[in-house]
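In what follows, a single structure is set out as structure tokens and then discussed.
The values are calculated or read from the model by the stated rules, or taken from the named source; none is laboratory data. The model shown is predicted, which means the values in this text are computed figures rather than measured ones. All Cβ positions, glycine included, derive from the backbone under ideal geometry; neighbour counts span all protein chains shown.
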Amino acid sequence: MAAISSDNHGLRLVVRYAVLTLIAAIFIFPLVFMVMSSFKPDLQLLRDTSSFRAFLPVGDLSLDNYRDAFTRAPVATFVFNSVLVTGLTVLLSLLFCSLAAFSFVFLNWTGRSVLLSVILATLIVPFETIAIPLLLLVSKLPWIGLDGFQIGWLNSYRVQIIPWIADGLTIFLFVQYFKDLPKELIEASRVEGASWWQIYRKVVMPLSGPVLATAAILKFLVMYNQYLWPLIVVQQESYRPVMVGLQYFFQLDTAWGEIMAYLTVITVPVLAFYLVLQRAFIASIASTGVKG
Amino acid sequence: MATVKLRGIRKSYGPVEVIKGVDIDINDGEFVVFVGPSGCGKSTLLRMIAGLEDITRGTLEIDGKRVNDLEPSKRGIAMVFQTYAIFPHMSVRENVAFGLTINGVGKAEKEAKVAEAARILQMEHLLDRRPSALSGGQRQRVAIGRAIVRDPKVFLFDEPLSNLDAALRMDMRMEIGKLHQDLGASMIYVTHDQVEAMTLADRIVVLKDGQVMQAGAPMDLYHEPANLFVAGFLGAPSMNFMDVRVSEVTESNVTVSNGALDPVAVPRKGRDFTPGQQATLGVRPQYLSPAETGRGMLHGRVALTERLGSETVLDITLKDGSKLIAALGEDRILAPGTEVNLNFDPGQAHVFPEQR
Ligand SMILES: Nc1ncnc2c1ncn2[C@@H]1O[C@H](COP(=O)(O)OP(=O)(O)OP(=O)(O)O)[C@@H](O)[C@H]1O
Ligand SMILES: [Mg+2]
């Protein structure tokens, strides 16, 4: 009996791992293909796609593609721009959206449920429909910077950051999370004399690790993959982000090897971000586990 | 230490009124317990005193000062919640010191106060732990410690023991009683456990549907319940009620009877009756005993005998079909079906004009 059931158990484990491995493989193969191809000359790269060699580091391998990619386009500038814009937007978005959600959930003011519904309604509006009105708006907005007063936000970092800070989805994530926090924790803080800001800083935020991580990942992906918006608001090369930069490689002759090298380079920040966040994510769950 | 005065306190959620005009005076250093069935408004009342709910109408005074519109933290109160409400991301020490840290109290004073609270609650060894590494009773201790360091005029407790198991509940109950003796602060304590109410309170306030049914010392409420609700609510096993008919009313007594009860004159206690009306007679199970001689006053048959060690509980079906419980002080077995005649001291019985 025991032997049979443990055999059964073992078999099930094998099947489970096989399925998981397969799924992991489906996700990882394109990445492997990308990295491997980035080391191969175009001719070999295209020839290899017809066989399993596409996923293997075989044949004539070199860093030529990387050298060529960096000469064809200001890759470092693009990566810097994207990392800067994405990083700042993620941070500001976490701050402002969590503050908004805090107010919606914990503060008592008239009209807050109506306003929250309006914000949630924006979730179903695709960006394409507001892109042009938003373009007209930002082209007329004033700004006071280091170089004085000016009209119009085009060709800048701010035009890539500010419109993306607040969004319905992030606010919604925080609202849902805050609603599930034990109400008594907030009440106890109030009795103890904490101001709303202190409650936000010292009680709510330290308990919000999981939702901060989730919101950060989603925002990061949206921002790092920005294409349409920077395409229409940034003409100046020095402000361009990575996705728009990809265009440089689809000119007269498409250089596949260089494209793969470029893609490999711009994937590095994404992986780094995931690794850092995964650690923080697990740590925050472990330390805040509100157990009953 | 302070007095708390509630005058005509009302609370409505939209069109629904849940507290319907409550007047209570709590003396300096008094331990007052609010009891009542679930949903009667105990927590709401306590939270209004704490300042966590707005007061719809009426006046609340703490220490002689109107506090209706004061922030919770300005009222001189501390509150202990049913769910403890301790911060999971802070150590016990940080939890206990939370209010002091928030209010910028100096390090030395803070440490002294935390140490003092830890000593009172015997939790010095827990100070550096996280709440997740504490038992339920220890967590509640932390919550009480957090209240103590604030040095409040009034402690508010909302069912602080209801998440603990029976044995621990008894320990903590004693500790809270001792804490009250040591600190001498005014305390308001909400529970629906009448044992907690009876053991802890200087004064019990019985609530029902947002109204005070009776307020007074535990034994006064036990012996002189003002109405049917209070009579039935306090005491375990709860008071027996019998539907009776009034046959005679005198200056001090009222004579009642029914199919199983011979006519008996019971103190009227100023209540008004008219001969011929239906009324309710209440007798506590402890005051019933089988008649050794004579024919007794109540007649029925034993349905079940339960021996609890310290007492024996008889389930009796009376001649008119109604049920009755008698608690006998001694070990006594009466076989089911045995005919019993019971006696009671009319002076310990209560008659209410209301019907059940
Ligand atoms: N926010 C609210 N909105 C509407 N009704 C409420 C609200 N809070 C409480 N009530 C109602 O007020 C009444 C009293 O509630 P309360 O929590 O004070 O009862 P309680 O006596 O503490 O009961 P329990 O013993 O179950 O804790 C209940 O009928 C409840 O449904
Ligand atoms: Mg309650």
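Is there a residue in segment B:300-315 that is in contact with a Phe, Trp or Tyr (Cβ under 9 Å, 6 or more places away or on another chain) and at pLDDT 90 or above? Please lay out each step first, then the result.
Narrowing segment B:300-315 to residues in contact with a Phe, Trp or Tyr (Cβ under 9 Å, 6 or more places away or on another chain): none.
No; the residues of segment B:300-315 include none that is in contact with a Phe, Trp or Tyr (Cβ under 9 Å, 6 or more places away or on another chain) and at pLDDT 90 or above.
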Please go through (1) surrounded by fewer than 23 Cβ atoms within 10 Å (Cβ to Cβ); (2) at pLDDT below 95; (3) within 16 Å of ligand 2 (Cβ to nearest atom) for B:GLU71 and return the number of the only condition it doesn't satisfy. (3)
Across segment B:12-57, which residue is nearest to ligand 1 (Cβ to nearest atom) among those that are in a helix (DSSP H, G or I) and away from chain A (no Cβ under 14 Å)? B:LYS42
Top-ranked residue of segment B:8-37 - restricted to ones that are within 13 Å of ligand 2 (Cβ to nearest atom) and farther than 13 Å from B:ILE204 by Cβ, ranked as surrounded by the most Cβ atoms within 10 Å (Cβ to Cβ): B:ILE19
Residue satisfying condition, being surrounded by 21 or more Cβ atoms within 10 Å (Cβ to Cβ), of a type in the set (Gly, Ala, Ser) and within 12 Å of another protein chain (Cβ to nearest Cβ), within set B:ALA133, B:ALA143, B:ALA118: B:ALA143
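Within 25 Å of A:SER189 (Cβ to Cβ) and hydroxyl-bearing (Ser, Thr, Tyr) - does that describe any residue in segment B:28-42? Show your work before the answer.
Pass one, segment B:28-42, residues within 25 Å of A:SER189 (Cβ to Cβ): B:34, B:41-42.
The next check asks that each one be hydroxyl-bearing (Ser, Thr, Tyr); those that pass are none.
Within segment B:28-42 (the criterion being within 25 Å of A:SER189 (Cβ to Cβ) and hydroxyl-bearing (Ser, Thr, Tyr)), the answer is no, since none of the residues qualifies.
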Let me spell it out: the conditions are (1) within 14 Å of chain B (Cβ to nearest Cβ); (2) more than 30 Å from B:TYR84 (Cα to Cα), and A:THR267 meets all of them except one. Which number is the exception? (1)
With B:LEU314, B:LEU308, B:LEU304 as the choices, which residue is among the hydrophobic types (A, V, I, L, M, F, W, C), surrounded by 15 or more Cβ atoms within 10 Å (Cβ to Cβ) and under 32 Å from the mean Cα position of the chain (by Cα)? B:LEU314
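Could you list, in sequence order, the residues of segment B:38-55 that are among the small types (Gly, Ala, Ser), touching a residue at least 24 places away in the same chain (Cβ under 8 Å) and within 12 Å of ligand 2 (Cβ to nearest atom)?
Filtering segment B:38-55 down to residues among the small types (Gly, Ala, Ser) leaves B:38-39, B:41, B:43, B:50-51.
Subset that is touching a residue at least 24 places away in the same chain (Cβ under 8 Å): B:38, B:41, B:43, B:50-51.
Scanning segment B:38-55 gives B:SER38, B:GLY41, B:SER43.
Among the residues of segment B:190-219 satisfying the criterion of being under 25 Å from B:VAL313 (Cα atoms) and more than 16 Å from ligand 1 (Cβ to nearest atom), which is nearest to the other protein chains (Cβ to nearest Cβ)? I'd like the intermediate steps shown before the answer.
Of segment B:190-219, the ones under 25 Å from B:VAL313 (Cα atoms) are B:192-199, B:218-219.
Then keep just the ones that are more than 16 Å from ligand 1 (Cβ to nearest atom); that gives B:198-199, B:218-219.
Details: B:MET198: 27, B:THR199: 26, B:PRO218: 28, B:MET219: 33 Å.
By that ranking, first place goes to B:THR199.
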Return yes or no: is B:VAL92 away from ligand 1 (no atom under 14 Å from the Cβ) and under 21 Å from the mean Cα position of the chain (by Cα)? no
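Please state which one of A:GLN247, A:GLN198, A:GLN251 is free of Cβ contacts under 8 Å to residues at least 60 places away in the same chain, closer than 27 Å to B:SER91 by Cα, surrounded by fewer than 20 Cβ atoms within 10 Å (Cβ to Cβ) and more than 17 Å from the chain's Cα centre (by Cα). Spell out how you get there, then give the answer.
Values: A:GLN247 fails: closer than 27 Å to B:SER91 by Cα; A:GLN251 fails: closer than 27 Å to B:SER91 by Cα.
Result: A:GLN198 is the single residue among A:GLN247, A:GLN198, A:GLN251 that is free of Cβ contacts under 8 Å to residues at least 60 places away in the same chain, closer than 27 Å to B:SER91 by Cα, surrounded by fewer than 20 Cβ atoms within 10 Å (Cβ to Cβ) and more than 17 Å from the chain's Cα centre (by Cα).
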With respect to B:TYR222, determine if the residue is more than 16 Å from ligand 2 (Cβ to nearest atom) and either of a type in the set (Phe, Trp, Tyr) or within 14 Å of chain A (Cβ to nearest Cβ) (or both). yes
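For segment B:146-163, which positions are within 16 Å of ligand 1 (Cβ to nearest atom) and surrounded by 15 or more Cβ atoms within 10 Å (Cβ to Cβ)? Steps first, please.
To start, the set of residues in segment B:146-163 that are within 16 Å of ligand 1 (Cβ to nearest atom) comprises B:156-163.
Passing the criteria: B:LEU156, B:PHE157, B:ASP158, B:GLU159, B:PRO160, B:LEU161, B:ASN163.
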So B:ASN163 clears everything in (1) modelled with pLDDT of 90 or more; (2) within 16 Å of ligand 2 (Cβ to nearest atom) except one condition, right? Which one? (1)
Could you grab me the full set of residues in segment B:74-103 that are facing chain A (nearest Cβ under 10 Å) and part of a loop (DSSP other than H, G, I, E, B)? B:ARG75, B:PHE81, B:GLN82, B:THR83, B:TYR84, B:ALA85, B:ILE86, B:PHE87, B:PRO88, B:HIS89, B:MET90, B:ASN103
So, first residue surrounded by 10 or more Cβ atoms within 10 Å (Cβ to Cβ) in segment A:107-133, second residue acidic (Asp, Glu), Cβ within less than 8 Å, six or more apart or across chains; the pairs are A:THR122/A:ASP167
